[in-house]
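A short reminder: the numbers here are calculations on the coordinates, not readings from a lab. Only a predicted model underlies this, so the values are computations on that prediction, with no experimental measurement involved. So basically every Cβ, Gly included, is an ideal-geometry build from the backbone, and we count neighbours across all protein chains shown.
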Amino acid sequence: MLPTRITLLSHAPTVAMRHASFPLDEPLLEGEIEKIASIGWRAPRAQQVWCGPEQRTRQTAAALGLESSVSIDLGDVNYGAWEGKEIDNIQANDPEGLADWLTNVNVAPHGGESIAQLLARVRRWMECQTSAGHTVAITHPAVIRAAILCAIQAPPESFWRIEIAPLSITDLRFNGRLWTVRSTGCFLRGA
């Protein structure tokens, strides 16, 4: 049996990130594809490469020269009615809903997905990877936070206490019984 390793890459910056908005299915910021290609990063050898279904993850994978398969389990949080809206707008129009969502992992006042549902989805995906050898996945900061919490069996309430930067790498290992976080927050570098 091959040792199990998951290398998670956070997609490159988008307009929603720049404007503190809940994202739509949006492309990367202009010029990001060229910046990614200029880094000269070489992907580790992997048995499989996955990405979320959104345009921003697929563009990041392509810019890195990776041929990836799409997994809906690696998709961003479903933000429901909040998609495309700035956080300041939500704060002004639904301050109780926003506060509840940021403090209670079981609620989804936007009508989309709760953090608890995201964690369950990511946990299922990780369980499917336990005998897959090395997997590379290009996904979203929220999915990577969820994977870290699942790996270290941290309480779901810790979700908002992890920061994941664009184009950063998180490396997870599975020893047949437990997941460990080998590294997180490492930025892509050239070969």
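Relative to the dominant Cα principal axis of the chain, helix 141-152 is inclined by about 70°.
Based on C-alpha pairs under 8 angstrom that are at least 6 apart in sequence, the chain has a relative contact order of 32 percent. Taking the Cα centre of the chain as origin and assigning +1 to Lys and Arg Cβ atoms and -1 to Asp and Glu Cβ atoms, the resulting dipole is close to 1100 debye. Peptide packing: for 71-80, 5-14, the average count of neighbouring Cβ atoms within 10 Å per residue gives the ranking 5-14, 71-80, highest mean first. Between GLN47 and ILE72, the distance separating the two model label sites (each 7 Å from Cα on the Cα→Cβ line) works out to 2.5 nm. Toward the positive end of the charge dipole of the chain, about the Cα centre and with charges on Cβ (Lys, Arg +1; Asp, Glu -1), which of THR103, PRO141, PRO44 goes farthest? Going by the Cα projections, it comes out as PRO44.
With respect to the chain, whose longest principal axis is taken over its alpha-carbon atoms, helix 115-128 is tilted by about 20°.
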